[in-house]
Amino acid sequence: MRRSLLLFALLLVATPALAADPWSTYRGNPQRTGNTDGKPGPTKPAILWVHKSNAHCIGAPVPVGERLYLGVLAGLGGTAGEVWGLDVSPRSMQRVAWSKGQPLLKRPTVSSPAFADGKLILGEGMHQTDDATLYCLQADTGRALWQLAVPGTLVHLEGGPTVADGKVYMGGGAAGAFCVDLNKVTLNGKEMDVAGVPKILDGKWAELQKKYQDAKKTDPFAQPPTEDQLPKPSPVRLWQQGEKKWHVDAPVAVADGKVLVASAFLDKEKVGDRALHCLDAATGKPVWRAALQFNPWGGPSVQGKTVVTGGSSVALVPNLLKGAKGEIVAFNLDDGKEKWRKAIPTGGIVSSVVLTRDLAICVATDGKVRAFDLANGDRRWIYDARTPFFAPPALAGDVVYAGDLKGVIHAIGLADGLAKWTFDIGNHPEVKAPGMIYAGPVVQDGRLYVATCNLAGASQNQPTVVVCIGDK
């Protein structure tokens, strides 16, 4: 009886409050657990399916129902962006349900999508690109409903957006942070509800198809229409903050009527503000600012009245990890006062931190997974994988799942930090495609989804995989 009560108490601690709209924010909820249904992941891991390609995944995948959504880097050297909707059924005969790339997407894509109200929202662009666009797509087909062009030098929409109360919140590099209406758009100078957009697009598409069919009768070189020729409704912009003052590459978080925005300072370009900013969600007006020692590439996580962010002296660049340092810091949500701060002298934290009701769990470039007491910052346990981590961990049930830069998944006990199992994806006989894990693993319906990246490292430019791991 006592053992059952202890297990029940542990599950209460381990399972965070679920988001009102699962997967409407980065990693599924403000605690960044990479899991929204509370179901435990696989205990005896086995490959359920593998999707191989030459695309690279940096943004975390998003599992919703029978689909797994990903933004990926495609083309030679990962210079083009694509977004995929994959069928997650192990028996699927067509893994890619739909995909969108050029000419719709103009830039590389590393943003992790947000899902809300049957819509998929994600940004494009990465550090070396200027100008960017935020897209809203129909999740079932990938059809574009609206697009927001965000021009400017060092403007890129890398982090995951958050959708809350019908509004989309996004960080935009040098564009700072901004908010748009999910369901109100303008087209030809007129404001309208997004529900009316598909009918307009259908009409225009039929018109373009008719012109093409007519042109073919006299011109053998006539080109079929593309989606880029359709009208491009733009969402109603509500506010923007920090333009040309901050540099926001991390996902934003929304909690208690506030928007948490992590801004970096770019040492090479000498621009930005290395700080965590809290804004009023309705107006964008500043509420508080907290200085940071290291760049917060992973962005903020929120549990109750506590905001936690990691930091790193280096970005996600494998050959720069020697000598990396970092920190993990906790702040009060209401006023931004520091609760505790812990230095990580041997590695940087480049990903988001997972929060439970009493723990803050982070991975670092020194190959270690650490758990800290959420109330006071005391270290509870440490796990050594001996291989650097870039990807944020996932938490499902009482297990933490962390993927390292050699493509190995580590299942770690939440209570004690001890290894439960490891799983070498790339060298598995059903995969045979080594790769690094940049994108955070996610767990849904008892299955673990992992995507790899080969933009650098020992397997540079070799095929990559998206794998589904479960109990057979």
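The values are calculated or read from the model by the stated rules, or taken from the named source; none is laboratory data. Note that this is a predicted model, so its numbers are computed, not measured. When we count neighbours, we look across all protein chains shown, and the Cβ atoms used for this are built from the backbone with ideal geometry, even at glycine.
Which one is modelled with the lowest pLDDT among residues in region 448-471 that are touching a Lys or Arg at 6+ places or on another chain (Cβ under 9 Å) and in a strand (DSSP E or B)?
Among those that are touching a Lys or Arg at 6+ places or on another chain (Cβ under 9 Å) and in a strand (DSSP E or B), it is 471.
Is it the case that some residue within region 221-241 is over 26 Å from residue 28 (Cα atoms) and aromatic (Phe, Trp, Tyr)?
yes
Considering (1) part of a loop (DSSP other than H, G, I, E, B); (2) crowded, with 19+ Cβ neighbours inside 10 Å, say which one residue 346 fails and leave the rest.
So residue 346 meets the others, but not (2).
Show me the strands (runs of 3 or more DSSP E) found entirely inside region 370-445 where at least 1 residues are among the basic types (Lys, Arg).
379-384, 419-424
Search region 372-388 for residues that are at negative phi and pair each with any residue that is at pLDDT below 95 and surrounded by 17 or more Cβ atoms within 10 Å (Cβ to Cβ) when their beta-carbon atoms are under 7 Å apart and the residues are at least 6 apart or on different chains.
Going by the 7 Å Cβ cut-off, the qualifying pairs are 388/321.
Pick from 75, 81: which is within 18 Å of residue 137 (Cα to Cα) and free of Cβ contacts under 8 Å to residues at least 60 places away in the same chain?
After ruling out the rest, the residue left standing is 81.
Which residues, counting only those in region 430-455, are surrounded by fewer than 24 Cβ atoms within 10 Å (Cβ to Cβ) and free of Cβ contacts under 8 Å to residues at least 60 places away in the same chain?
Within region 430-455, 432, 434 qualify.
Looking at (1) aliphatic (A, V, I, L, M); (2) modelled with pLDDT under 95; (3) touching a helix residue (DSSP H, G or I) at 6+ places or on another chain (Cβ under 8 Å), which one does residue 60 not meet, given that it meets all the others?
With respect to (1) aliphatic (A, V, I, L, M); (2) modelled with pLDDT under 95; (3) touching a helix residue (DSSP H, G or I) at 6+ places or on another chain (Cβ under 8 Å), residue 60 is out only on (2).
Which of the residues that make up region 179-191 are under 11 Å from residue 234 (Cβ atoms), in contact (Cβ under 8 Å) with a residue 40 or more places away in the chain and not polar (S, T, N, Q)?
Residues satisfying the conditions are 180, 181, 184, 185, 187, 191.
I'd like to check which strands (runs of 3 or more DSSP E) are fully inside region 210-316 and have at least 3 residues that are surrounded by 14 or more Cβ atoms within 10 Å (Cβ to Cβ) and among the hydrophobic types (A, V, I, L, M, F, W, C).
234-241, 253-255, 258-266, 271-280, 286-291
Need pairs with beta-carbon distance below 6 Å; first residue on the phi > 0 side of the Ramachandran plot and within region 134-147, second among the basic types (Lys, Arg) and crowded, with 18+ Cβ neighbours inside 10 Å; sequence gap 6+ or separate chains.
142/100
Here are some residues: 403, 440, 407, 417. Which one is over 30 Å from residue 86 (Cβ atoms) and not hydrophobic (A, V, I, L, M, F, W, C)?
Numbers: 403 fails: over 30 Å from residue 86 (Cβ atoms); 440 fails: over 30 Å from residue 86 (Cβ atoms); 407 fails: over 30 Å from residue 86 (Cβ atoms).
Only one candidate qualifies: 417.
When you go through 403, 413, 440, 417 one by one, which is the residue that is at positive phi and of a type outside the set (A, V, I, L, M)?
Unique residue meeting the criteria: 417.
Does region 133-144 contain at least one residue that is part of a strand (DSSP E or B) and more than 19 Å from the chain's Cα centre (by Cα)?
yes
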